Amino acid sequence: MSAIKNAEKVIPLNRLRPLAGGTPPVPWAGVPRPRTRVLAVTSGKGGVGKTNIVANLGYAMSRSGQRVLLLDADFGLGNLDILLGMAPKFNLSHVIAGEKRMEEIIVDGPGNVRILPASSGIQELTHLTRDQKIDVLTQLDRVLGDVDVFLIDSAAGISANVLDFSVTAHEIFVVVTPEPTSITDAYALMKVLSLKYTGRHCKLMVNMVASELEGREIHRQLNLVAEKFLGITVEYFGSIPYDERLTTCVKRQKVMAEFFPETETSRCLRQLARKMAALTITQYPQDGATFFWDHILQNGMSSSMRS
């Protein structure tokens, strides 16, 4: 609890304001769209196993018959492709530079999951301009035509470049571990979502737990403080047990669900994947609007996207 109370020192941010400069035209209006689930997995700090969780969830959903596309949204330090043992020739940096279209950089991963790889070591991509972000969202809309689940592996932290993409999702999943720093940073992330992006709901996944009881206790603490000080609801989505074999998987560039499919951790991940794929989504674009443009027009942009 002390770790969460310390997080109250986070400075409140301004609330989201409407999109300035009028309403831009919606591209591809009237084109029939599938009911793609857009889900974002994020965390307050790095080192909590977020990317591993995304890779395993994507793999499990794809193996169950879902058409899954993963976006590595850590634009400057992407490593989802490395984790999966892939070496794509092109990535999001080529899209942002105008050298490639979004659909041209998609690569096939294990279990038929598809990947939109990010770049690594390009600092400029961590500070995208408003026009660059709009272009990325516009091109993302184009690749959702045959996708059942679009899973965003967000970068860790609370920068606008990170959250502007996370908040476009139908659901946001916050990953936390039992460490006090992770709990504190998770609360800080929730605070920014509630104040700057007017988010009132998120789902919690507790990673590296010793037991299910430990995961539920961390959720109880976070939800208690979030409801009291932020007025938001934190839903417990599930826990993932600590497994030292994960290190072996990382070294061999394999997902746990593929390399050690019968472990308790893999079973938990498959259960979470089924639960995630079965989520009921009701907020779909109306009148043929595309998903990301519908979000921009309905909810506006953050201050960083307007600059």
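Assorted remarks:
- Some residue of region 29-44 being modelled with pLDDT of 90 or more and in a loop (DSSP other than H, G, I, E, B): yes
- Being part of a strand (DSSP E or B), hydrophobic (A, V, I, L, M, F, W, C) and surrounded by fewer than 22 Cβ atoms within 10 Å (Cβ to Cβ) is a property that F229 lacks.
- Within region 254-264, being among the β-branched types (V, I, T) and either buried (at least 21 other Cβ atoms within 10 Å of the Cβ) or in contact with a Ser or Thr (Cβ under 7 Å, 6 or more places away or on another chain) (or both) holds for one residue alone: V255.
Results for (1) in contact (Cβ under 8 Å) with a residue 12 or more places away in the chain; (2) on the phi > 0 side of the Ramachandran plot; (3) touching a Gly at 6+ places or on another chain (Cβ under 6 Å), shown as yes or no for each residue.
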position: R101; (1), (2), (3): yes, no, no
position: G111; (1), (2), (3): yes, yes, no
position: L128; (1), (2), (3): yes, no, no
position: S154; (1), (2), (3): yes, no, no
position: E171; (1), (2), (3): yes, no, no
position: V174; (1), (2), (3): yes, no, no
position: P178; (1), (2), (3): yes, no, no
position: A188; (1), (2), (3): yes, no, yes
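- Any hit, region 67-81, residues being over 22 Å from F173 (Cα atoms) and out of contact with any Gly (no Cβ under 6 Å at 6 or more places or on another chain): no
- Strands (runs of 3 or more DSSP E) lying entirely in region 98-194 (those with 3 or more residues that are closer than 23 Å to M208 by Cα): 149-154, 171-176
- Scanning region 151-158 turns up one or more residues that are of a type in the set (D, E, K, R), at pLDDT 85 or above, crowded, with 19+ Cβ neighbours inside 10 Å and under 19 Å from the mean Cα position of the chain (by Cα).
- Verdict on V143 being crowded, with 16+ Cβ neighbours inside 10 Å, modelled with pLDDT of 85 or more and at negative phi: yes
- Residue selected from region 162-179 under the condition modelled with pLDDT of 95 or more and more than 18 Å from T233 (Cβ to Cβ), by the criterion surrounded by the fewest Cβ atoms within 10 Å (Cβ to Cβ): E179
- Boolean, V113 is of a type in the set (V, I, T), at pLDDT 85 or above and surrounded by fewer than 22 Cβ atoms within 10 Å (Cβ to Cβ): no
- Residue match in region 95-103 (condition: under 24 Å from N207 (Cα atoms), surrounded by 15 or more Cβ atoms within 10 Å (Cβ to Cβ) and either aliphatic (A, V, I, L, M) or over 20 Å from the mean Cα position of the chain (by Cα) (or both)): no
- Against the numbered list (1) more than 24 Å from A55 (Cα to Cα); (2) modelled with pLDDT under 90; (3) part of a helix (DSSP H, G or I), G199 comes up short only at (3).
The values are calculated or read from the model by the stated rules, or taken from the named source; none is laboratory data. Remember, it's a predicted structure, so these values are computed and weren't measured experimentally. No Cβ is skipped: glycine too gets one built from the backbone with ideal geometry, and neighbour counts run over all protein chains shown.
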